[in-house]
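For reference, the structure discussed in these notes is given below.
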Amino acid sequence: MVKEVPISELRPGMYVVDTGLSWMDRPFVYSTEGRIFGPDDVRRIQGEGYLSAFVREGDERGRSGPNLSRRMAGKELAPLPKEQEAEARVRERLRKVPIRKEIETARQVHSQLVEYTRGVMKDARLGKPVDYESSKPLAGALVDSVMRNEDALLALKYLKSFDEYTYNHSINVAVVATVFAKSLGYSEDRLRELCQAAVLHDLGKALVPDEILNKPGRLTPAEFAVVRDHPVNGFELLHGARGPSQDVLRGALEHHEKFNGGGYPDGLAGDEIGEFGRIIAVADVYDALTSERVYKRGMTPSNALRIIYGMRESDFHPGYVERFIRCLGIYPVGTVVRLTTGETGVVVQGAPPTPLLPTVRVVLDRNRVRTRPHDLDLAALAEQMGLDAPRIDSAIESYEDDPLMPRIDSREYLG
Ligand SMILES: [Fe+2]
């Protein structure tokens, strides 16, 4: 039997179970499966801001109990030894170039890719062959930036106001897809290939007239039929170019297929859909929801993640959505949050090992008055101060409940 206990009742010897349940509905459930070894573990988990955990009932023997050694010898994964875990965290931090240093490179990479996409789409319209080879070094530069600090490219979306949606959307999808695939353990070579596929996934839109592409209202059935051709058109345009692999071709062809078979163009289902298509599909929907268009405001990242969570298992493969949310964090870069201190700020850097403890740039004091922006690394503070450290209380989704609160534009505070 598994029961939920408040973190305050977590005791050494208990075994935490990853129920796989609703990471989105229950973000404060600690779900790293394994035994709680000592009081340090309990303190660390409390310090990271989790509120409860699911544990196995009647399985609370001490670490030296025979039951535990038998289990440890068996198929359960041993938790990472503490020193190794701490070392991995330090390595992750050291490897990261600060966002301020990376942002200029990220801007250049982004705009070079936008120029490239504009060029190939123009060529496609004119019936010229697609220059696939040139996407290789550009995708390489994007992957390098993601490896140094993925938050720089992710934050760009909030820094720039993009007017030409189609080109920028392709690059934003490539950024999100690359960050996601990195978290899935892709090698750098494979990441570059995925990135090329993501940059070119909507190439077929070159053949869709602008008035349909940019139509603010609902498309007529005839217009939608034209849009539905873009994966096949993209596939064919790429097929006629020198260089794209099978996986890249399938990425373009399959990025609107759905897990339940309800997508297009072929109504593929489940395992019939290749991995590039699955990854690009999640990134595509995420970017579309969070993008500002002439006729709509962009959704906050946490709202978009909630909607995507609701589409798991209908649109997306089991496990992909949960992993996607884990990778971007409950509070992705750009999210406006209220802290337990009453202060308000913008998430400026994610913290993959501790998704509830990103770095927050505080911009309003506890009285909702603008203050000199300053950064709080919530993970570092939790390490220093334990339970007294400030944490995120909630993400601010709308200003309706609090009309007096000053509006915060994330763009002002990133970079
Ligand atoms: Fe598309």
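Only the coordinates and a few stated rules stand behind these numbers; no lab work does. None of these values were measured; they are calculated from a predicted model. Methodologically, a virtual Cβ is constructed for each residue, glycine included, from the backbone with ideal geometry; neighbour enumeration extends over all protein chains shown.
Quick look at the values:
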read-out: Magnitude of the charge dipole, region 309-415, Cβ model with Lys/Arg +1 and Asp/Glu -1, debye to 20; value: 220
read-out: Dipole moment magnitude, nearest 20 debye, region 188-291 about Cα centre, only Lys, Arg, Asp, Glu C-beta charged; value: 180
read-out: Contact order relative to length of region 97-328, as percent, for alpha carbon pairs under 8 angstrom and 6 or more apart; value: 18
read-out: Relative exposure of M385, M147, M299, judged by other C-beta atoms within 10 Å (fewest first); value: M385, M147, M299
read-out: Peptide ranges 322-331, 3-12 listed from the most packed, as the mean C-beta count within 10 angstrom indicates; value: 322-331, 3-12
read-out: Relative contact order (%) - region 151-202, alpha-carbon pairs under 8 angstrom, separation at least six; value: 41
read-out: Region 202-230 residues near the modelled A288 label - backbone nitrogen below 16 Å, point 7 Å along Cα→Cβ; value: 202-206, 208, 212-221, 223-230
read-out: Spacing of the two label points (7 Å from each Cα toward its C-beta) at R407 and D266, in nm; value: 4.7
read-out: Cα-centred dipole magnitude for region 97-328, charges only on beta-carbon of K, R (+1) and D, E (-1), debye, nearest 20; value: 640
read-out: Gained length - D189 relative to D210, 0.36 nm times residue gap less alpha-carbon distance; value: 4.1 nm
read-out: Derived scalar couplings ³J(HN,Hα) [region 129-145; Karplus, 6.51 cos²θ - 1.76 cosθ + 1.60; whole Hz; x for Gly, Pro]; value: x, 7, 7, 6, 3, 5, 6, 5, x, 5, 5, x, 5, 5, 4, 4, 5
read-out: Net charge of neighbours whose Cβ lies under 10 Å from the Cβ of G298, counting Lys and Arg as +1 and Asp and Glu as -1; value: +2
read-out: Spatially close lysines, pair count over region 97-328: Cα under 18 Å, gap of eight or more or interchain; value: 9
